[in-house]
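Chemist: Take this structure first; my questions come after.
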Amino acid sequence: MSTPTVTRSTRSDLRSVAGLSDGLRPVVMQLARRLRQVRADAVELTPTQLSAMGVLARQDDQPIGALAAAEKVAAPSMTRTVNALEERGLVVRTPDPTDRRQSRVSLTPTGRDLLLANRRRRSEWLAQRIAELDPDDREVLRRAVGVLEKINEK
C-alpha cells in the first residue's frame, strides 16, 4: 500500500476559507521558524525569553503576573523565564513600590541592546527576501500586514 504524498496547495485550493487556512498556516509557521533562526546574539535565548523581552521593550517595568498574562503563560513559567534572563543580566527585578511582596521586571541596557540587535538582524534578513520580490508581490505583502494584524487581534 502506498503512502499518500503531501503537496503544496494549488491556487484553486486557496479559494475556500478552509483551503486558505490550510495553505497559510504552514507558510506562516515556516516563516516564523526561519525568523527565529536568524540571531544576532552569541547567547542562546529561547523564543519564550525573546518574546518576554519584547513585551518589556514595549512596556517596561512589569510585574511578573502582568508579563505572564501578556505572554499567555502561567506565572510560575514566567518566573522561570525571568530567572534565566536575570542570571544573564538581561533583566532586573525591583520591588513593587505599592506591594513589597511583588517585584517588577525591566530590561537592562544589555538586554535592550541584545533584543534590538536580534530585531535588526531579523528585519535585515526579511528585507533582503522582500527586496527580491517583484513590486506587485511587495504590494500584496503591504496589504497583508493589516490583514494579519486583524487575525492576530482575535
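Chemist: Quick check: anything in the range 106-114 of a type in the set (A, V, I, L, M) and in a helix (DSSP H, G or I)?
Modeler: Within the range 106-114, one or more residues are of a type in the set (A, V, I, L, M) and in a helix (DSSP H, G or I).
Chemist: Further question on the same structure: How many residues are aliphatic (A, V, I, L, M) and not in a helix (DSSP H, G or I) if we restrict to the range 67-82?
Modeler: So the first thing to find is which residues in the range 67-82 are aliphatic (A, V, I, L, M), and the list is 67-70, 73-75, 78, 82.
So of that shortlist, the ones also not in a helix (DSSP H, G or I) come out as 73-74.
Of the residues in that region, 2 qualify.
Chemist: Just one of 43, 55 is within 30 Å of residue 95 (Cα to Cα) and either in a loop (DSSP other than H, G, I, E, B) or at pLDDT below 85 (or both); which is it?
Modeler: Being within 30 Å of residue 95 (Cα to Cα) and either in a loop (DSSP other than H, G, I, E, B) or at pLDDT below 85 (or both) holds for just one of 43, 55, which is 43.
Chemist: Among (1) among the hydrophobic types (A, V, I, L, M, F, W, C); (2) part of a helix (DSSP H, G or I); (3) under 21 Å from residue 31 (Cβ atoms), there is one condition residue 133 misses while meeting the rest; what is its number?
Modeler: The number of the failed condition is (2).
Chemist: Additional query: Of everything in the range 94-112, what is in contact with a Lys or Arg (Cβ under 7 Å, 6 or more places away or on another chain) and closer than 20 Å to residue 45 by Cβ? Give them in sequence order.
Modeler: 105
Chemist: Right, here's the next one. Can you name every residue in the range 47-62 that is over 11 Å from the mean Cα position of the chain (by Cα), surrounded by fewer than 16 Cβ atoms within 10 Å (Cβ to Cβ) and at negative phi?
Modeler: Of everything in the range 47-62, those that are over 11 Å from the mean Cα position of the chain (by Cα), surrounded by fewer than 16 Cβ atoms within 10 Å (Cβ to Cβ) and at negative phi turn out to be 57, 58, 59, 60.
Chemist: Within the range 95-108, take every residue that is touching a residue at least 24 places away in the same chain (Cβ under 8 Å) and farther than 17 Å from residue 51 by Cβ and give me the one that is nearest to the chain's Cα centre (by Cα). Full working, then the answer.
Modeler: Taking the range 95-108 as the starting set, the residues that turn out to be touching a residue at least 24 places away in the same chain (Cβ under 8 Å) are 96, 102-107.
Within this subset, residues satisfying the condition of being farther than 17 Å from residue 51 by Cβ are 96, 102-104.
Values: 96: 27, 102: 27, 103: 25, 104: 22 Å.
Ranking the candidates gives 104 first.
Chemist: Of the residues that sit in the range 109-118 and are buried (at least 16 other Cβ atoms within 10 Å of the Cβ) and not hydrophobic (A, V, I, L, M, F, W, C), which one is nearest to the chain's Cα centre (by Cα)?
Modeler: 118
Chemist: Picking from 113, 99, which residue would you name as being modelled with pLDDT under 95 and in contact with a Pro (Cβ under 9 Å, 6 or more places away or on another chain)?
Modeler: Sole residue among the options that is modelled with pLDDT under 95 and in contact with a Pro (Cβ under 9 Å, 6 or more places away or on another chain): 99.
Chemist: Still on this structure: Need the failing condition index for residue 122 against (1) over 18 Å from residue 152 (Cβ atoms); (2) touching a helix residue (DSSP H, G or I) at 6+ places or on another chain (Cβ under 9 Å), just the number.
Modeler: The failed condition is (1).
For every residue, the table says whether it meets (1) in a loop (DSSP other than H, G, I, E, B); (2) surrounded by fewer than 14 Cβ atoms within 10 Å (Cβ to Cβ); (3) touching a Phe, Trp or Tyr at 6+ places or on another chain (Cβ under 7 Å).
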position: 65; (1), (2), (3): no, yes, no
position: 84; (1), (2), (3): no, no, no
position: 97; (1), (2), (3): yes, yes, no
position: 104; (1), (2), (3): no, no, no
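The values are calculated or read from the model by the stated rules, or taken from the named source; none is laboratory data. Keep in mind that what you see is a predicted model, and the values were worked out from it rather than measured. Using ideal geometry, Cβ is built from the backbone for each residue, glycine included, and neighbour counts are taken over all protein chains shown.
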